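Got a structure for you, questions after.
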Amino acid sequence: MPGFTYPSPRTWSEGDPVTASRLRGDMTNLALLYAGGARPMLLSVNLQSQIPVASTATLLYIGNIVPLNTWNVPVITTGGQAYYQIPLAGYYLAQGIVSYDTSGSPGQARYSMGFATVVNGGASADSYGGCVPASTSTSEPAGAAGCELYQFNTYANTADTLALYAYTSNSSPGAVLIGLLSLEWVGLPTSGLTDYTGSYGTVVSSPQAAASFPSGPGTYITNSGGIASGAVSVTVHDATGMVTGGTLGLDVIAGQPYQNVAEAVSITGITGTTISISATAYAHAQNAPVAVPVSAAFMNQQCRDIVNFLSYPPMVRAATTTTQSIPSSTFPNGTQITNLSASIDTFSGFASNEYTVPVAGVYFVYGQVFYAGSTAAFAASAGIQVSSGTINWGTQFRSDTTSGALSMCATVRRHLRLTAGQTIKLYGTQNSGSAMNTIDTAGSFSRLICVWRSV
Amino acid sequence: MTTPAPSVPDFIAGFGPQQSDLQSLWVSPAAFFQQKVVFRATQATTATTLPSAGTTTAIGYDNIIEDPYSGWDAGESNWSPPAGYSGWYLVTVTVWVTAPGATQVVLVPHIAGSAAGNAVNGYPLACVVLPNGASGAESFWYCYLEGGSDAIAGAAAVLNSSSNVTTDLTAGQNSSIEILWVSG
């Protein structure tokens, strides 16, 4: 992508000139990511009616219909390219859907989707998403959606790729009705990428809202009678552009002393238009001018920190490390999924099987629960609980694989507005009449993903 | 709170920006990237009937949780971004129904609408066979929406059902939709 570089905003020091090249390097660069199409995104629609190989992860071609491919990653439009070559290192939110025509004995099979990847040069285990049963009628389709969060290196560095696959245990599989793949870059990498020379993410634990730059004329003192020598607080007409750590020029206007008591003070706190400052050496009259320079503190808060936060937001991916026994229960009673371990946790918010929201905002939240299955008919679902609230349930299916237990995976996906300190927990429920284990293998496991998306 | 439509600032060498310039060059775009267009709604009061004929039917979300840009059209059960806010939107949709009256009924969530960039209009975004009890299906897709003209709706169909099926309104097991701007 011409003109784009990995976000790596400068840290400003007092006296640094605010030049066009510096603003372009940080501000324009970030805007290119979001508004200028510089963020790698892929949308792929497969309507090619590929026939999956029974009980085999069958890669789906991505070149059939490509509504979006922001980096113009090479995609063969006819025939057999399945792999997306990662163009930019970082975190990617991968989502997919595979729906199938059914045939044979569809009610005795499972229908699933997943991702096959090369991550930092190593072939990773396939990662299954949604996995559902089918109706007994061959006239009805079956299909599920899934999601993963990956830290990729580039194809150029380590040949990192991602592919969507279809998997069905039906020995006479019908064609894939539709295969949908989306891939969205959501943040800079954390660490450890081979031969990677770009920037890694920087945590900004308390991001501030974008605020107006100081006005040229500055403002003025409104304290009745002015302020005395030794004052540590001043009230101004307009606090625009002031930040803790910045500087004010008392009795300074247009960069020049207005009175011979002109002096610079540091801002130590801001409450509305009441500004806490370092102690003044002189008294200053009411209506005395106050210069508000564009301080390094302001630029670091408003440029560096905004770029850093938007380039490296809170994200977590936690997956199970072992199986869990889920008791049979009456819906909507559920069981919290435990034994979760975070492989991605940019703001260190995950512990004890729950994610504590570090920064308020709208989060993309995805969960899946992988069940071992049963020869008894059962319904199962996956849900998300915010703190102690009502569980939000996603897919609930009915499995009736009398010819043998088949593992199935229920999914849930929402955008939720969360406040800092709230917790996110993953739940499962099943009503087979007996306890049922979850599945935990290299490719089939339960997981929770949360990604900050907006204030 | 709403924020101005995003843009890519152009800092020209030698140009000395005034405060008003920086407001449009940086502050407004940054404010938008921090607080993007978001719409969230659930169905909590009046259920939607999904015909046994399998017709894809828009869900009548009636609990609008968040719609700062007032894009929701209750009459059409769809949402439009405001003019000037065209872009790619990530849509997440969950559909829940009450007991369908039999097993083997298949629930299919859809994202429907006028958006030309919605290449999946009409295609099944999941196909879930239901128990004869409250149950649901979830899915997603990204749609390009022209601000002020394109509209998007969460919808669903039931297949292999001999009777109409009604959406569920119970908290935690009711239908929902969220729409988030992700890219220009």
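Rundown of residues vs (1) touching a Pro at 6+ places or on another chain (Cβ under 7 Å); (2) open to solvent by 10 Å² or more (accessible area, probe 1.4 Å); (3) closer than 18 Å to residue A:111 by Cβ, yes/no style:
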| residue | (1), (2), (3) |
| --- | --- |
| A:363 | no, no, no |
| A:366 | no, no, no |
| A:371 | no, no, yes |
| A:374 | no, yes, yes |
| A:382 | no, no, yes |
| A:387 | no, yes, no |
| A:390 | no, yes, no |
| A:404 | no, yes, yes |
| A:410 | no, no, yes |
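A further question follows. Specify which of the listed residues (A:235, A:202, A:194, A:219) is at pLDDT 95 or above and touching an Asp or Glu at 6+ places or on another chain (Cβ under 6 Å). Talk me through it step by step, then tell me what you get.
Numbers: A:235 fails: touching an Asp or Glu at 6+ places or on another chain (Cβ under 6 Å); A:202 fails: touching an Asp or Glu at 6+ places or on another chain (Cβ under 6 Å); A:194 fails: touching an Asp or Glu at 6+ places or on another chain (Cβ under 6 Å).
Of the residues listed, the single one that is at pLDDT 95 or above and touching an Asp or Glu at 6+ places or on another chain (Cβ under 6 Å) is A:219.
Residue-wise test of (1) within 14 Å of chain A (Cβ to nearest Cβ); (2) of a type in the set (A, V, I, L, M, F, W, C).
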site	(1), (2)
B:6	yes, no
B:21	yes, no
B:54	yes, no
B:58	no, yes
B:62	no, no
B:69	yes, no
B:72	no, yes
B:75	no, no
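Quick one: how many residues across the stretch A:284-309 are among the small types (Gly, Ala, Ser) and within 13 Å of residue A:249 (Cα to Cα)? Spell out the reasoning first.
First, pick out the residues of the stretch A:284-309 that are among the small types (Gly, Ala, Ser): A:285, A:288, A:291, A:295-297.
Going one step further and asking which of them are within 13 Å of residue A:249 (Cα to Cα), we end up with A:288, A:291, A:295.
Qualifying residue count for the region: 3.
Here's a follow-up. Against the conditions (1) open to solvent by less than 20 Å² (accessible area, probe 1.4 Å); (2) modelled with pLDDT of 95 or more; (3) under 19 Å from residue A:199 (Cβ atoms), where does residue A:305 fall short? Just the number, please.
(1)
From A:431, A:353, grab the single residue that is touching a residue at least 24 places away in the same chain (Cβ under 8 Å), within 26 Å of residue B:97 (Cα to Cα) and not acidic (Asp, Glu). Working first, answer last.
Details: A:353 fails: within 26 Å of residue B:97 (Cα to Cα).
Answer to the selection: A:431.
So, one more: If you go through the stretch B:128-143 one residue at a time, do you hit one that is more than 11 Å from chain A (Cβ to nearest Cβ) and touching a residue at least 24 places away in the same chain (Cβ under 8 Å)? So that I can check it myself, show each step before the final result.
Initial filter on the stretch B:128-143 (more than 11 Å from chain A (Cβ to nearest Cβ)): none.
No - not one qualifying residue is present in the stretch B:128-143.
Okay, moving on. Residues in the stretch B:90-110 that are under 22 Å from residue B:149 (Cα atoms) and more than 11 Å from chain A (Cβ to nearest Cβ): how many?
Just the residues of the stretch B:90-110 that are under 22 Å from residue B:149 (Cα atoms), to begin with: B:90-93, B:110.
When the remaining residues are screened for being more than 11 Å from chain A (Cβ to nearest Cβ), the result is B:110.
The number of residues fulfilling the criteria is 1.
Looking only at the stretch A:4-43, count every residue that is open to solvent by 50 Å² or more (accessible area, probe 1.4 Å) and of a type in the set (A, V, I, L, M, F, W, C) and tell me the total.
Result for the stretch A:4-43: 1.
May I ask you to list pairs of residues, at least six apart or on different chains, whose Cβ atoms are under 9 Å apart, with the first in the stretch A:170-195 being within 13 Å of chain B (Cβ to nearest Cβ) and over 26 Å from residue A:37 (Cα atoms) and the second being of a type in the set (Val, Ile, Thr) and in a strand (DSSP E or B)?
A:174/A:168; A:176/A:58; A:176/A:98; A:177/A:98; A:178/A:45; A:178/A:97; A:178/A:98
Take the residues in the stretch A:223-235 that are touching a Ser or Thr at 6+ places or on another chain (Cβ under 7 Å) and within 22 Å of residue A:295 (Cα to Cα); name whichever of them is most open to solvent (accessible area, probe 1.4 Å). Please lay out each step first, then the result.
Filtering the stretch A:223-235 down to residues touching a Ser or Thr at 6+ places or on another chain (Cβ under 7 Å) leaves A:223, A:227, A:229-233, A:235.
Of the ones still in play, those that are also within 22 Å of residue A:295 (Cα to Cα) are A:231-233, A:235.
Numbers: A:231: 18, A:232: 87, A:233: 47, A:235: 36 Å².
Step by step, filter the stretch A:223-235, then rank; the result is A:232.
If you don't mind, there's one more thing I want to ask. Inspect all residues belonging to the stretch B:163-179 and state whether any of them is surrounded by fewer than 24 Cβ atoms within 10 Å (Cβ to Cβ), within 12 Å of chain A (Cβ to nearest Cβ) and touching a Leu at 6+ places or on another chain (Cβ under 8 Å).
no
List the number of the failed condition for residue A:142; all other conditions in (1) within 23 Å of the chain's Cα centre (by Cα); (2) of a type in the set (A, V, I, L, M, F, W, C); (3) open to solvent by less than 30 Å² (accessible area, probe 1.4 Å) hold.
Residue A:142 satisfies every listed condition except (1).
Identify, from the list A:15, A:63, A:80, the residue that is more than 25 Å from the chain's Cα centre (by Cα), more than 9 Å from chain B (Cβ to nearest Cβ) and within 23 Å of residue A:111 (Cβ to Cβ). Reasoning before the result, please.
On the way: A:15 fails: within 23 Å of residue A:111 (Cβ to Cβ); A:63 fails: within 23 Å of residue A:111 (Cβ to Cβ).
Just a single option satisfies the conditions, and that option is A:80.
Would you confirm whether any residue within the stretch A:366-373 is within 8 Å of another protein chain (Cβ to nearest Cβ), within 25 Å of residue B:142 (Cβ to Cβ) and aromatic (Phe, Trp, Tyr)? Spell out the reasoning first.
Here is the first cut: in the stretch A:366-373, the ones within 8 Å of another protein chain (Cβ to nearest Cβ) are none.
The answer is no, given that none of the residues of the stretch A:366-373 is within 8 Å of another protein chain (Cβ to nearest Cβ), within 25 Å of residue B:142 (Cβ to Cβ) and aromatic (Phe, Trp, Tyr).
State the number of residues belonging to the stretch A:27-59 that are within 14 Å of chain B (Cβ to nearest Cβ) and not in a helix (DSSP H, G or I). Reasoning before the result, please.
Our first condition is that a residue be within 14 Å of chain B (Cβ to nearest Cβ); within the stretch A:27-59, this holds for A:27-49.
Narrowing the set further to residues that are not in a helix (DSSP H, G or I) leaves A:35-49.
The qualifying residues number 15.
Name every residue in the stretch A:103-131 that is open to solvent by 40 Å² or more (accessible area, probe 1.4 Å) and either hydroxyl-bearing (Ser, Thr, Tyr) or part of a strand (DSSP E or B) (or both), in order of residue number. Quick ask: steps written out before the conclusion?
Here is the first cut: in the stretch A:103-131, the ones open to solvent by 40 Å² or more (accessible area, probe 1.4 Å) are A:104-105, A:108, A:120-121, A:123-126.
Within the stretch A:103-131, A:105, A:123, A:124 qualify.
Right, next: From the residues in the stretch B:92-115 that are hydrophobic (A, V, I, L, M, F, W, C) and assigned to a loop (DSSP other than H, G, I, E, B), which one is most open to solvent (accessible area, probe 1.4 Å)?
That would be B:99.
Quick one: which residue in A:268, A:320 is open to solvent by less than 20 Å² (accessible area, probe 1.4 Å), touching a Ser or Thr at 6+ places or on another chain (Cβ under 8 Å) and among the hydroxyl-bearing types (Ser, Thr, Tyr)? Steps first, please.
On the way: A:268 fails: open to solvent by less than 20 Å² (accessible area, probe 1.4 Å).
Step by step, each of A:268, A:320 is checked, and only A:320 is open to solvent by less than 20 Å² (accessible area, probe 1.4 Å), touching a Ser or Thr at 6+ places or on another chain (Cβ under 8 Å) and among the hydroxyl-bearing types (Ser, Thr, Tyr).
Give me the residue from the stretch B:144-162 that is among the polar types (S, T, N, Q) and over 23 Å from residue A:179 (Cβ atoms) and, out of that set, nearest to the other protein chains (Cβ to nearest Cβ).
Filtering the stretch B:144-162 for residues among the polar types (S, T, N, Q) gives B:149, B:160-162.
Restricting the remaining residues to those that are over 23 Å from residue A:179 (Cβ atoms) gives B:149, B:161-162.
Values: B:149: 18, B:161: 10, B:162: 12 Å.
Selected residue: B:161.
Same structure, new question: Can you tell me which residues in the stretch A:200-254 are assigned to a loop (DSSP other than H, G, I, E, B) and either of a type in the set (Asp, Glu) or under 17 Å from residue A:283 (Cα atoms) (or both)?
Here is the first cut: in the stretch A:200-254, the ones assigned to a loop (DSSP other than H, G, I, E, B) are A:200-218, A:222-226, A:228-232, A:237-246, A:251, A:254.
Those that are assigned to a loop (DSSP other than H, G, I, E, B) and either of a type in the set (Asp, Glu) or under 17 Å from residue A:283 (Cα atoms) (or both): A:222, A:223, A:224, A:225, A:226, A:228, A:229, A:230, A:231, A:232, A:238, A:251.
Something else: Of all residues in the stretch A:279-300, which are part of a helix (DSSP H, G or I) and over 19 Å from residue A:19 (Cβ atoms)?
If the condition is that a residue be part of a helix (DSSP H, G or I) and over 19 Å from residue A:19 (Cβ atoms), then no residue fits.
Given the structure, is residue A:441 over 25 Å from residue B:37 (Cβ atoms) and either open to solvent by 10 Å² or more (accessible area, probe 1.4 Å) or touching a Leu at 6+ places or on another chain (Cβ under 9 Å) (or both)? Don't jump to the end; show me each part of the working.
Values: over 25 Å from residue B:37 (Cβ atoms): yes; either open to solvent by 10 Å² or more (accessible area, probe 1.4 Å) or touching a Leu at 6+ places or on another chain (Cβ under 9 Å) (or both): yes.
Considered against the rule, which asks whether it is over 25 Å from residue B:37 (Cβ atoms) and either open to solvent by 10 Å² or more (accessible area, probe 1.4 Å) or touching a Leu at 6+ places or on another chain (Cβ under 9 Å) (or both), residue A:441 comes out as yes.
Here is a list: B:85, B:89. Which entry is of a type in the set (Phe, Trp, Tyr), assigned to a loop (DSSP other than H, G, I, E, B) and over 11 Å from residue B:155 (Cα atoms)? If you could, list the steps in order and put the result at the bottom.
Values: B:89 fails: assigned to a loop (DSSP other than H, G, I, E, B).
Checking each option against the conditions leaves just B:85.
If a residue must be assigned to a loop (DSSP other than H, G, I, E, B) and of a type in the set (A, V, I, L, M), how many such residues does the stretch B:38-82 contain?
Here is the first cut: in the stretch B:38-82, the ones assigned to a loop (DSSP other than H, G, I, E, B) are B:43-48, B:51-56, B:59-62, B:67-71, B:74-77, B:80-82.
When the remaining residues are screened for being of a type in the set (A, V, I, L, M), the result is B:44, B:47, B:53, B:59, B:74.
Of the residues in that region, 5 qualify.
The values are calculated or read from the model by the stated rules, or taken from the named source; none is laboratory data. Given the structure is predicted, the values throughout are model-derived calculations rather than measurements. Heads up, the Cβs are rebuilt from the backbone with ideal geometry, glycines too, and the neighbour counts pull from every protein chain shown. Keep in mind that these areas ignore ligands, DNA and RNA; they rest on the heavy atoms of the full protein, side chains included. Shrake-Rupley method; radii C 1.70, N 1.55, O 1.52, S 1.80 Å.
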